1. Could you list, in sequence order, the residues of the range 494-536 that are modelled with pLDDT under 70 and either hydrophobic (A, V, I, L, M, F, W, C) or not in a loop (DSSP other than H, G, I, E, B) (or both)?
2. Return the residues of the range 447-477 that are at negative phi, open to solvent by 50 Å² or more (accessible area, probe 1.4 Å) and not charged (D, E, K, R); say none if nothing qualifies.
3. Regarding the range 247-264, can at least one residue be identified that is open to solvent by less than 10 Å² (accessible area, probe 1.4 Å), over 22 Å from L330 (Cα atoms) and of a type in the set (A, V, I, L, M, F, W, C)?
4. Looking at the range 371-379, can you tell me whether even one residue there is closer than 30 Å to L54 by Cβ and either without any contact (Cβ under 8 Å) to a residue 60 or more places away in the chain or open to solvent by less than 50 Å² (accessible area, probe 1.4 Å) (or both)?
5. Can you name the number of the only condition in (1) within 28 Å of V56 (Cβ to Cβ); (2) open to solvent by 30 Å² or more (accessible area, probe 1.4 Å); (3) among the aliphatic types (A, V, I, L, M) that L427 fails?
6. Please find, among L444, L413, L433, the residue that is part of a helix (DSSP H, G or I) and under 30 Å from L81 (Cβ atoms).
7. Can you tell me how many residues in the range 91-113 are among the small types (G, A, S) and part of a helix (DSSP H, G or I)?
8. I'd like the residue in the range 293-313 that is at pLDDT below 85 and either in a helix (DSSP H, G or I) or touching a strand residue (DSSP E or B) at 6+ places or on another chain (Cβ under 7 Å) (or both) and, out of all such residues, is farthest from P233 (Cα to Cα).
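The values are calculated or read from the model by the stated rules, or taken from the named source; none is laboratory data. This one's a predicted model, so the numbers in the text were calculated from it and none came from an experiment. Cβ atoms come from the backbone with ideal geometry, glycine included; neighbour counts cover every protein chain shown. SASA here: full protein model, heavy atoms, side chains in, ligands and nucleic acids out. Shrake-Rupley method; radii C 1.70, N 1.55, O 1.52, S 1.80 Å.
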Amino acid sequence: MSTLLSWLILAGPLALVAAAFPSAARADADPAGMARRAFAAALAALGVALATALWVASRGPATSPTLGVAGIGLGVHVDALAAAMFTLVAFIGVVVIRYSRNYLDGDPGQGRFLKWLSLTLAAVLLLIVSGNLAQFIAAWIATSLGLGKLLLFYGDRPAAQLAAKKKFIASRIGDACLIGAAALLFASFGTLEFKAMFAQAKALAAIDGGTGAITLASLLIVAAALLKSAQLPLHGWLIEVMETPTPVSALLHAGIINAGGYLVLRLADVLVLSTGALEVLAIVGGATALFASVVMLTQTSVKVSLAWSTVAQMGFMLLQCGLGAFSAALLHILAHSLYKAHAFLSSGSVIDLARASWTPSPGGQPHPARLALALAGVLAVTLAVGAAFGATPLSKPGAVALGAILLMGLTHLIANAIDERPNSYVLGKAAALAGLVAAAYFALQAAAEWMMAGSLPATLPARGPLDLAITLLVVLSFGAVTLFQSVMARDAAQPRWQALYVHLSQGLYLNTYANRLVLKLWPRRAGADANPSAGA
């Protein structure tokens, strides 16, 4: 791609910046005009994203020279990874801005909301197409600052102030980690330009691996990604952003929260030089996914349950990266983003949907023994179908682990088919469905790996006993959760289960301790409730 066409990619985020140019007061004075400009700019960004994706698919990566020194400045680098994420975020941006026109119609701050929504979306798009790590960090910080404005859209709400404070603290720690990593990488590679840095990293991987400085930089990158993606133990801010308008939740959970995962994927060629950093990513991601999945089962609020689901899904995605399944993690991001944006934007209709789809109970929970048998069956199907696609616990532990967890969703269906008087036809249909789901999953994994060849490292095999132990522990843990869910529902009236339910519904009070610490370090000012700008 010529230099001119490379620079034209920036027209997408620049259109959104131009749309948000009027002051907040002027935007609020003419919300309809602000809505029209924001929607037109979002459509323009989507058009640029689609054109870029088509060009990359037909001509290859697009890279511009960097306007700066030593790879530090303004530049564009768009390969298959960036093109996929650019298109995803631009598409979600169009949907969210269009939704906001009606959702906030009549709200006195609608224009201001659309202004900051456009600027935040522009920052995310700029981050995705950044050609060097310095520009990436600048867009990373801009994304966080824009989100902070959206979190405090209703600044007089104490819960919104607390969530914004926790997000601010977590973000600044993450920023410091990423800046420190950039300094170490610059010292190691002599440049922060992605194309040159990745070429050197691949050369090191072919020889003897990374240096101590690269390992430390990788650990700092992992820390920044974990903080950005609301992983344990600083996950609580994401649960409390329900005080913001629903479009913010949709964009946050479907686009902004993915920045941590995108950071890992963008710098995957560097991270593979540090096995220790990847293992930290897998352990924390796996632990967060397990914890958030269990807590999600106890939530009664639709949006809070979706927030816990996002924490868990980000954990799964980072677990995949930690186990070396980078293309599988990208596929996870794409699927989760589209699903979660729809889930949040349709959350207000959940009662109507539940009433329309209600059916009588088929007769209670399956017997634990039948459930365990069904669980063993779906695990066997996963291993058999995975092996047919060349994915085994040794060759592709990340893909196999997530495939097993996916198929655990069919456990209750198969357990009901294994009734007291089993029917071969019903059993055959259940087994065929499990095989079909497994085949679709591994086929998509193979397709994603093929499409991302050259942009992401090939799926890594198990690097040693720790990788195998993490994979086995993840699968066994979620198998135990599947059994636990059935047993707890069966014995829900017993006091011990009721007590456990209460503790889990509060997230084992981790967020409560975080709130106390934040309020101790950053107490609310007197009269903050009456001042919408307090805590901003």
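1. Step one: list which residues in the range 494-536 are modelled with pLDDT under 70, which gives 524-536.
Answer for the range 494-536, where residues must be modelled with pLDDT under 70 and either hydrophobic (A, V, I, L, M, F, W, C) or not in a loop (DSSP other than H, G, I, E, B) (or both): A526, A528, D529, A530, A534, A536.
2. If the condition is that a residue be at negative phi, open to solvent by 50 Å² or more (accessible area, probe 1.4 Å) and not charged (D, E, K, R), then W450, M451, A453, A458, P461, P465, L466, L468, A469, L472, L473, L476 are the ones that fit.
3. Checked against the condition, which is being open to solvent by less than 10 Å² (accessible area, probe 1.4 Å), over 22 Å from L330 (Cα atoms) and of a type in the set (A, V, I, L, M, F, W, C), the range 247-264 yields at least one hit.
4. The first filter runs over the range 371-379 and keeps only residues closer than 30 Å to L54 by Cβ, leaving none.
Looking through the range 371-379, none of the residues is closer than 30 Å to L54 by Cβ and either without any contact (Cβ under 8 Å) to a residue 60 or more places away in the chain or open to solvent by less than 50 Å² (accessible area, probe 1.4 Å) (or both).
5. Going through the list (1) within 28 Å of V56 (Cβ to Cβ); (2) open to solvent by 30 Å² or more (accessible area, probe 1.4 Å); (3) among the aliphatic types (A, V, I, L, M), L427 breaks only (1).
6. Details: L413 fails: under 30 Å from L81 (Cβ atoms); L433 fails: under 30 Å from L81 (Cβ atoms).
The match here is L444.
7. First, the residues of the range 91-113 that are among the small types (G, A, S): 93, 100, 106, 109, 111.
After this cut, where a residue has to be part of a helix (DSSP H, G or I) as well, the list is 93, 100, 111.
Matching residues across the range 91-113 total 3.
8. Of the range 293-313, the ones at pLDDT below 85 are 297-307.
Then drop every residue that is not either in a helix (DSSP H, G or I) or touching a strand residue (DSSP E or B) at 6+ places or on another chain (Cβ under 7 Å) (or both), which leaves 302-307.
Working: V302: 23, K303: 21, V304: 17, S305: 18, L306: 18, A307: 15 Å.
Residue satisfying both the conditions and the ranking: V302.
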